[in-house]
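Shown next, in structure tokens, is the structure this report addresses.
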Amino acid sequence: MKRSIPHARLRKIGAWVFVDHFGPTEQVEGMTVAAHPHTGLQTVTWLFDGEIDHRDSLGTAQRVTPGSLNLMTAGSGVSHSERSLAGSNTLHAVQLWIALPDEVRHMKPIFEHVSAIPREFFGNIEAHVFVGTLGAAASPATIYSPLLGAQIMVNGTGSIPLNPQWEYGVLNVGGSLNVNGEDLAGDSLWFSEPGLTSLDIAGRGKAIVLGGEPFTEPIVMWWNFIGRTHDDIVHMRSDWNLHTYPPIADRVGGWIPAPDLPNVTLTAR
Ligand code: MN
């Protein structure tokens, strides 16, 4: 598991507040995550290889496969479990979180599975746009702030138009890539503040492009929760540990208790 954000020097890209790159790993290692909650955010699960069985407290049972989007809008709170399935040799995925704006962060949770992911070519770059719009490709996924999330397959050179008001990141998930003149090593995240009009990419490989309007609401992010104050987090934590969430019917069993809070007041950043 390689976590790119939050990082001491980079906390978010637009409302993207968490970027984890998992694998590629041999399937024997697999992945099993027992029931755990989320609040105040959306989770994106995007697979390059492998299969995951997603179960949640809304009653969803979804097989997650490469090239389709699993978007869980936690809102006031949802819990889920994940289990990688046999059937391919490796598991390779990204898990991303999107902070919800204040006016919707208490909404009822929803789960969306989007299998029709729009594609667009930019020179020798093929983009699969799972969140937001890029060129003529518009994802039907429901989001609550201006954002872009896309997988790109690079086989030569290409130029992706950018919104100069937005900030952007490019995560190399495999291959040899150069972004706007800088070599981008595997597992590395390239970041740009607003002001750029294009992403000029060369090489061969695969990457995730994230973008968004700078998200200016100060948030408190702790464990699997996003709130606005320390007290928000205290309540989210106790709701989970007091078992107020509906149970999940899964083959994983058990649940992950929230850890102890640190002995300091969490402050918004
Ligand atoms: Mn989760």
Flag if Gly132 is away from the ligand (no atom under 16 Å from the Cβ), under 21 Å from Asn180 (Cβ atoms) and modelled with pLDDT of 95 or more = yes
Residue list for the stretch 152-167, filter: under 20 Å from Leu69 (Cα atoms) and surrounded by fewer than 23 Cβ atoms within 10 Å (Cβ to Cβ) | Met153
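If you check Asp187 against the conditions, is it of a type in the set (D, E, K, R) and either over 17 Å from the mean Cα position of the chain (by Cα) or assigned to a strand (DSSP E or B) (or both)? Outline the logic, then answer.
Numbers: of a type in the set (D, E, K, R): yes; either over 17 Å from the mean Cα position of the chain (by Cα) or assigned to a strand (DSSP E or B) (or both): no.
No, not satisfied.
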Tell me, which strands (runs of 3 or more DSSP E) wholly within the stretch 29-114 include 2 or more residues that are open to solvent by 10 Å² or more (accessible area, probe 1.4 Å) and under 13 Å from Thr142 (Cα atoms)?
-> 110-114
Scan the stretch 34-58 for residues that are more than 12 Å from the ligand (Cβ to nearest atom), free of Cβ contacts under 8 Å to residues at least 60 places away in the same chain and either more than 30 Å from Glu217 (Cα to Cα) or β-branched (Val, Ile, Thr) (or both) and jot them down.
-> Asp49, Gly50, Glu51
Given the structure, is Pro246 over 23 Å from the mean Cα position of the chain (by Cα) and part of a loop (DSSP other than H, G, I, E, B)?
-> yes
Do we have Trp222 as out of contact with any helix residue (DSSP H, G or I) (no Cβ under 6 Å at 6 or more places or on another chain) and either closer than 24 Å to Arg83 by Cα or buried (at least 19 other Cβ atoms within 10 Å of the Cβ) (or both) here?
-> no
Going through (1) within 26 Å of Val17 (Cα to Cα); (2) surrounded by 13 or more Cβ atoms within 10 Å (Cβ to Cβ) one by one, Asp250 fails only at (1)
Every residue from the stretch 176-194 that is loosely packed, with under 14 Cβ neighbours inside 10 Å and closer than 21 Å to Ile5 by Cα = Glu182, Asp183, Ala185, Asp187, Glu193
Could you say whether any residue in the stretch 213-224 is farther than 27 Å from Ala74 by Cβ, charged (D, E, K, R) and more than 16 Å from the ligand (Cβ to nearest atom)?
-> no
Does the stretch 142-181 hold any residues that are outside any strand (DSSP E or B) and farther than 20 Å from Lys12 by Cα, and which are they?
-> Asn180, Gly181
Restricting attention to the stretch 75-93, which residues are within 13 Å of the ligand (Cβ to nearest atom) and closer than 21 Å to Arg3 by Cα?
-> His80, Ser81, Glu82, Arg83, Ala93
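The values are calculated or read from the model by the stated rules, or taken from the named source; none is laboratory data. Quick caveat: nothing in here was measured; it's all calculated off a predicted structure. Note: ideal-geometry Cβ built from the backbone for every residue, glycine included; neighbour counts use all protein chains shown. Surface accessibility is based on the protein's heavy atoms, side chains included, excluding ligands, DNA and RNA. Shrake-Rupley method; radii C 1.70, N 1.55, O 1.52, S 1.80 Å.
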